[in-house]
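The values are calculated or read from the model by the stated rules, or taken from the named source; none is laboratory data. Here the structure is a predicted model, which means the values were calculated and not measured. Here Cβ is always computed from backbone atoms with ideal geometry, including for glycine, and neighbour counts include all displayed protein chains.
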Amino acid sequence: MSDLLETTRPQPEVLAAFEDATGFMPVDEGLALYAAAVTAARRTGGLPVLEIGTYCGRSAILLAAAARETGTVALTVDHHRGSEEQQPGWEYHDPTLVDPEVGRMDTLPRFRRTLHAAGLEEHVVALVGRSPQIAALWSGRLALVFIDGGHTDEHATADYEGWAPHLAPEGLLVVHDVFPDPADGGQAPYRVYLRALAEGFEEVSVTGSLRVLRRRAAA
């Protein structure tokens, strides 16, 4: 990991809760996300950290723990109806997450139970809705923006365009599921990552498919 990020790890019980939670992020990427969140929050004087794409709360556990550590709050943005690949008939569909009364995905109850089990509810504010709508209403600065929502070009681009402008000067942009080789995964997050590099960000660290970036200092 880059020495530009603090060398810090979550408490063992937090890491255990992360590993027990429903989700897809590997441990090494989670540790990199936690270090980025702690670093960004401290360097911005305790501004909030934010993720787009919460699912059942696996990565939110680590952001909440980082928020607790730094005296701030973690914001989670998700409509909780599941992304494209989580719908019925697709690879990542989990039928236990379907609300039987409405027949649609609803990950919000599992997310809330996940945070409760980890003892981190009070450090999270859940913003339930679609990312572009919430971003259009948001006016504050953020220490960290973690893009891990829909993986189509439309959704990933909207997340970047909606939230990256809210980063504080010392804030960090984190993009998940960045796969330069199309054989490894979808390309929308990779294209967002390339766009961020072209628009003034520089890479701070690489862990698996997780990229941490910051804005280049003015010349």
The range 171-190, subset surrounded by fewer than 16 Cβ atoms within 10 Å (Cβ to Cβ) and of a type outside the set (A, V, I, L, M, F, W, C), residue nearest to VAL77 (Cα to Cα) | GLY185
Any residue in the range 185-199 that's farther than 14 Å from HIS155 by Cα and part of a helix (DSSP H, G or I): show its pairings with residues that are among the basic types (Lys, Arg) and at pLDDT 95 or above at Cβ separation under 9 Å, as long as the two are six or more apart or on different chains.
-> ALA196/ARG211
Determine, yes or no, whether ASP159 is of a type in the set (Asp, Glu) and not in a helix (DSSP H, G or I).
-> no
Select from the range 106-159 the residues that are over 21 Å from ALA66 (Cβ atoms), buried (at least 20 other Cβ atoms within 10 Å of the Cβ) and over 15 Å from the mean Cα position of the chain (by Cα) and list them in ascending order.
-> THR107
Taking the range 126-151 and keeping residues over 21 Å from ARG43 (Cβ atoms), in contact with a Leu (Cβ under 7 Å, 6 or more places away or on another chain) and not in a helix (DSSP H, G or I) leaves LEU127, VAL128
Hey, VAL174 part of a loop (DSSP other than H, G, I, E, B), β-branched (Val, Ile, Thr) and under 17 Å from GLU202 (Cα atoms) or not = no
Residues of the range 150-172 that turn out to be touching a helix residue (DSSP H, G or I) at 6+ places or on another chain (Cβ under 6 Å) and not hydroxyl-bearing (Ser, Thr, Tyr), as a count = 10
